[in-house]
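Everything on this sheet refers to the single structure shown next.
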Amino acid sequence: MTQPSNDKRKPAVERLASPAIAHSLERSQIAKYHTKGGHGFTAEDANHLADVFRGRRAEIIGINNEANGADRIVDGLRIQSKYYQTAAKTVASAFASESGLYRYAQQVLEVPKDQYDACVELMRKRIAAGKVPGFDNPADAEKLIHKGTVTYKQAKNVARAGNIDSLVFDAKSQAVTSSYVLAISFTITFAHDYWHSRHVGDAAKTAANRSFLASGTALVTGVVSAQVLRSRAAAVGVATVRRGVKTVSRSSIGRGAVQRIASGSLGRAVYGAAAVNHVSKLLRTNAVAATVATVATAGPDFYKAALDRSISWKQFIKNLSVNGVGIAAGSAGWLSGSAIGAAVESAIPIVGTAAGGIAGGLVGAFGIGTAGSAAAKALADRVVDDDSQTMLRLMQDEVQSLAFEYMLSEPEIETLVKEVSVTVTPEWLRQIYKEANGLEDDETTRRCLRKALRPSFDALTKARPKVTLPTETELSSFLSDVVNLAIE
């Protein structure tokens, strides 16, 4: 008898969460949040996210560090974000210290939500003083000042971990990534189940359950990972990883790999120190996200082991190890897959580096993550049996014993096998494990198994036709016939 579940055939879509979250985080400016003036970067990200939720065509372009270049473009409007402690400092930062002239031609100034009115009034005065080239009418100040969606205090809070503003921001930003994970997971699971069952309804139900689980895992992983990445410890982690990446990039093969990974992640060609820095942050973020995802996926098993006591701690550690290896392999698969995808698709103008990197990352994360998990499971099975395997061995003994006691016929055994194959599920085994208080005492486990199985045997015996003993006359006649037959 094998494990009564087809979970081994299920695609491990949950493992897409970790690399997808790491990819999305490194395309933001979160690595700069902990720096001096980091609230300026959080203001850009927060305002950008608000525009995305409003359905606008928004893009952050300030990461290219172009002198006096725009930070964001929204529906074609070029925006320069400035967030300072007071309205006077916010407006003053947009003017050159030598000439006193407005530095950002053809750009509007995005200011803290709570400073908007004061900034408009200050810009009127600057226009009246002739400090804004191309503008003579102070009434045009409103055309130059763009109200941000967050206040100065909110921007500072978002830059730090452990407060409501940063948690809300992370939840909103990771909800976007989680929706991608949900769609991808649903598609993969639906296709897989339909190929096996050919039943649309069952495949859709399974796909919905699995995709919501994967999406929920992605949301939790993303929020917790983002909070961790705001810490200075995360910055130290980047410095440590960077030394290793630099060492790898000294060889021509290593340098090419680093550049391809960076290009696949950013969706554009990256070389030299920029590639090393990005890959260092990407590896750090993947390590954080993978760790958080492993802990998140271990939550249900921890509950079963610590509180529900429906699985053993041995089983918990085994599941944790297998999931951890699968998630780590998925992250490695995303990195290698995105590098290969970017390299291949960069040669196709219509698709491009960005799309190739994402597609390659998805294939790599799913394929290598699944393979890594399978290898870890096979190795773990050689060392530690699953609780279910131990329970099934004990159950087989009890079924054989009860079949002998109940004197089951061959047709009755066939009926029993069909019924047991439906009844014995992982949940059923966990319930027996819980009632037996674990697997430390085989006799207790056997008694619980026997108690659970006995109703099926009783039902079979009740279905048997009633046996009526022959009367004395019938028995005498039968014996006479036997004797006469023997004499003849």
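The values are calculated or read from the model by the stated rules, or taken from the named source; none is laboratory data. Computed from a prediction, not measured in an experiment: that's the story for all the values here. Reconstructed Cβ throughout: ideal geometry from the backbone, glycine too, with neighbour counts over all protein chains shown. Only protein heavy atoms, including side chains, enter the accessible area calculation; ligands, DNA and RNA are left aside. Shrake-Rupley method; radii C 1.70, N 1.55, O 1.52, S 1.80 Å.
I'd like the carbon and sulfur percentage of the solvent accessible area for segment 34-159, probe radius 1.4 Å, heavy atoms only, ligands and nucleic acids excluded. Mind dumping the intermediate values first?
On the way: 3090 of 6400 Å².
Carbon and sulfur together cover 48 percent of it.
Subtracting the Cα-Cα distance from 0.36 nm times the residue separation, let me have the gained length for Thr473 to Ser252 in nm, one decimal. Before the final figure, lay out each step's value.
Numbers: separation 221, 0.36 × 221 = 79.56 nm, distance 10.36 nm.
My answer for the length gained is 69.2 nm.
Keeping every protein chain present and rolling a 1.4 Å probe, give me the accessible area per residue for segment 70-141 in Å². Don't skip to the end; give the middle numbers.
Details: 3510 Å² over 72 residues.
Value returned for segment 70-141: 49 Å² of accessible area per residue.
Determine the share of segment 185-330's accessible area contributed by carbon and sulfur atoms, expressed in whole percent, with a 1.4 angstrom probe.
In segment 185-330, the share of accessible area belonging to carbon and sulfur is 66 percent.
For segment 191-304, with every protein chain kept in place, what is the accessible area per residue (1.4 Å probe, Å²)?
Working: 5640 Å² over 114 residues.
On a per-residue basis, 49 Å².
I'd like the FRET efficiency for Asp136 and Arg54, computed as 1/(1 + (r/R0)^6) with the beta carbon distance as r and R0 of 35 Å, rounded to 0.05.
Details: r = 33 Å, r/R0 = 0.93.
So the FRET efficiency works out to roughly 0.60.
Multiply the residue separation of Lys172 and Ala92 by 0.36 nm, subtract the distance between their alpha-carbon atoms, and state the gained length in nm to one decimal. Spell out each step's value before the answer.
On the way: separation 80, 0.36 × 80 = 28.80 nm, distance 3.20 nm.
25.6 nm is the gain from fully extending Lys172 to Ala92.
How much length is gained if the chain between Val417 and Lys143 is pulled fully straight, taking 0.36 nm per residue apart and subtracting their Cα-Cα distance, in nm to one decimal?
Details: separation 274, 0.36 × 274 = 98.64 nm, distance 7.82 nm.
Extra length from Val417 to Lys143 when fully extended: 90.8 nm.
At Ala67 and Thr187, where each label point lies 7 Å from the Cα along Cα→Cβ, what is the point-to-point distance in nanometres?
Distance between label points: 4.5 nm.
Note down the nm distance, to one decimal, between modelled labels 7 Å out along Cα→Cβ at Ser231 and at Arg393.
4.2
What number comes out for the charge environment of Ala50, summing +1 per Lys or Arg and -1 per Asp or Glu over other residues with Cβ under 12 Å away?
Numbers: positive: Arg54, Arg56, Arg72, Lys113, Lys147, Lys172; negative: Glu44, Asp45, Asp51, Glu110.
My count for the surroundings of Ala50 gives +2.
To the nearest 0.05, what FRET efficiency results for Tyr194 and Glu427 with a Förster distance of 22 Å applied to their C-beta separation?
On the way: r = 24 Å, r/R0 = 1.11.
Approximately 0.35, to the nearest 0.05.
Just by accessible area at a 1.4 angstrom probe, what is the order of Lys318, Lys147, Lys462, Lys131 from largest to smallest? Before the final figure, lay out the partial values.
Working: Lys318 15, Lys147 100, Lys462 170, Lys131 70 Å².
These residues rank, largest area first, as Lys462, Lys147, Lys131, Lys318.
Whenever you get a sec, line up His278, His34 from highest to lowest accessible area (probe 1.4 Å, protein heavy atoms).
On the way: His278 10, His34 45 Å².
Largest accessible area first, the residues go His34, His278.
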